[in-house]
Amino acid sequence: MLDTARSEITKSGKILGLSDKEIDDLIKVNKEHKFEIKLKSGQTFRAYRVQHNNKRGPYKGGIRFHPDVDLDEVRALATLMSFKTAAVGLPLGGGKGGVSVDPRQLKDGELEELSRAYARYLTPHIGPKKDIPAPDVNTDGRIIDWMVDEYQKITKDTTKASFTGKSLQNGGSLGREAATGRGGVIALQEYLAIKHQADKPLTIAIQGFGNVGSFFATVAHNDGLRWQLVAASDSNAAIYKKDGFGALELAEFKKSGGRFKDYKANSVEIISNEELLALPVDVLVLAALGDAITDKNMKHIKAKIILELANGPVNSLAIDYLHNKKVDIIPDIVANAGGVVVSYFEYVQNCNRQKWSEAEVNSKLRDTIVEATRAIVSTAKQFKIDLKTAAFVNAIKNLR
């Protein structure tokens, strides 16, 4: 993922005529925090916070709890966040954090202890004017609430603007939970409108029917869009149905703890994740983890459009290959920016002691994503480049 980010930044910088030094400066990380958290049980976990670039404003980025978290991944995600906030015009920088842990193996008390220790260590380095973390993989409003409380105990700051993604009762924003998925719907809608395909029925496959993927599907359904969901996957298996699934039905199945390998219904096939990626659908939504499509499987892709809702799900070799095959990739730094956009709205509300309605949040989100999508399509046309590169070109313009 880090190599892909660097490749995209270098390619986009060259298009804009930047020198090697100017490109290196864009890639260079400002600060890296590496530390260990030891619980009372004796368990020890590696923890990280990378602060990449704050030229446009405070660092901004999620915290993930996952066994595979390492410094390279966090560094890559922090870098992508700087370009994401710049691509959609937010006055924020880019950061990312994580702990190498499987939170499912911890008791509730241990999870709270870990969360508070993470916030406690980073308190001197974060805050409303420095760095504003948020939830990410395997973290949520409850975990962020613990971190906010720990930060508040130490600093006496009562704005709750130190973190975003909080629970609603603790200063969170309406519309935040669905924001990343909703932003993906808006980006795809606007792309289709620009291409004069807004009313065309589409077949959709979603790799990763978790929080983001399920909200993408349910928002599209609730908005009355003519998109037929024919396949979806979780970490264990994928399901396919030629005539399509009900988005609300699948979301409820997953919410109740169901696993797709156990899904039973008429005309449903249990398939592998790789088989899902190779389906001949109109739109392939990548909402799982990074590097889903690489040089190893790129030749199997039959989708006409790829929507990147995960971070870095298509590597640089695959991007070039698919572009040459006339596959448009709506890039992550715009397509999945809904979460950070509404996180910024939450931050503004906290700082100003305000509470916006969900309709107001969603309206402002639509305006932001529509503008950013139009901008990348325009830049792609201007420079005769793919949408992914165009997004980085626009971000670099805003970062210089």
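Scan the range 223-233 and tell me whether some residue there is within 29 Å of Tyr347 (Cβ to Cβ) and in a helix (DSSP H, G or I). Scanning the range 223-233, I find no residue that is within 29 Å of Tyr347 (Cβ to Cβ) and in a helix (DSSP H, G or I), so the answer is no. On the stretch given as the range 170-199, residues that are outside any loop (DSSP other than H, G, I, E, B) and within 19 Å of the chain's Cα centre (by Cα) total 13. Restricting attention to the range 72-83 and to residues that are more than 16 Å from Pro135 (Cβ to Cβ) and in contact with a Gly (Cβ under 9 Å, 6 or more places away or on another chain), the residue that is surrounded by the most Cβ atoms within 10 Å (Cβ to Cβ) turns out to be Ser82.
Scan the range 353-375 and tell me whether some residue there is modelled with pLDDT of 95 or more, outside the structural domain of Ala310 (by TED's automatic domain parsing) and closer than 24 Å to Ile23 by Cβ. Yes, the range 353-375 contains a residue that is modelled with pLDDT of 95 or more, outside the structural domain of Ala310 (by TED's automatic domain parsing) and closer than 24 Å to Ile23 by Cβ.
Filter the range 300-317 down to residues that are at pLDDT below 95 and more than 17 Å from Leu188 (Cβ to Cβ) and give me whichever is farthest from the chain's Cα centre (by Cα). Of everything passing the filter in the range 300-317, Leu317 is farthest from the chain's Cα centre (by Cα). For Leu192, the criteria (1) touching a residue at least 12 places away in the same chain (Cβ under 8 Å); (2) buried (at least 19 other Cβ atoms within 10 Å of the Cβ); (3) not β-branched (Val, Ile, Thr) hold in every case but one, which is (1). The residue that is surrounded by the most Cβ atoms within 10 Å (Cβ to Cβ), counting only those in the range 159-189 that are of a type in the set (Ser, Thr, Tyr) and in contact (Cβ under 8 Å) with a residue 60 or more places away in the chain, is Thr164. Taking the criterion of being buried (at least 18 other Cβ atoms within 10 Å of the Cβ) and either polar (S, T, N, Q) or without any contact (Cβ under 8 Å) to a residue 24 or more places away in the chain (or both), the residues of the range 124-143 that qualify are Asn138, Thr139. Scan the range 121-140 for residues that are within 20 Å of Val212 (Cβ to Cβ), in contact with a strand residue (DSSP E or B) (Cβ under 7 Å, 6 or more places away or on another chain) and not in a strand (DSSP E or B) and the total you get is 4. Is it the case, given these coordinates, that Asp149 is within 30 Å of Ser235 (Cβ to Cβ) and surrounded by fewer than 19 Cβ atoms within 10 Å (Cβ to Cβ)? For Asp149, the condition - within 30 Å of Ser235 (Cβ to Cβ) and surrounded by fewer than 19 Cβ atoms within 10 Å (Cβ to Cβ) - is not met. Here Glu112, Glu150 are screened, and the one residue that is of a type outside the set (A, V, I, L, M) and over 26 Å from Asn352 (Cα atoms) is Glu112.
Is it fair to say Asp102 is surrounded by fewer than 18 Cβ atoms within 10 Å (Cβ to Cβ), modelled with pLDDT of 95 or more, under 17 Å from Gly312 (Cβ atoms) and acidic (Asp, Glu)? Answer is no for this residue. Checked against (1) under 25 Å from Lys326 (Cβ atoms); (2) not in a helix (DSSP H, G or I), Gly258 passes all but a single condition, namely (1). Criterion applied to Val334, Val348 was being buried (at least 24 other Cβ atoms within 10 Å of the Cβ) and either modelled with pLDDT under 95 or within 20 Å of Pro58 (Cα to Cα) (or both), and the one residue passing it is Val334. Listed by position, the helices (runs of 4 or more DSSP H) enclosed by the range 1-109 that each have at least 2 residues that are farther than 30 Å from Thr368 by Cβ and without any contact (Cβ under 8 Å) to a residue 12 or more places away in the chain are 20-27.
Residues in the range 280-297: is at least one assigned by TED's automatic domain parsing to the domain that holds Gly213, within 21 Å of the chain's Cα centre (by Cα), at pLDDT below 95 and of a type in the set (Asp, Glu)? Within the range 280-297, one or more residues are assigned by TED's automatic domain parsing to the domain that holds Gly213, within 21 Å of the chain's Cα centre (by Cα), at pLDDT below 95 and of a type in the set (Asp, Glu).
The values are calculated or read from the model by the stated rules, or taken from the named source; none is laboratory data. All of these numbers come straight from a predicted model, not from anything done at the bench. A quick note on method: Cβ atoms are made from the backbone with ideal geometry, for glycine too, and the neighbour counts reach across all protein chains shown.
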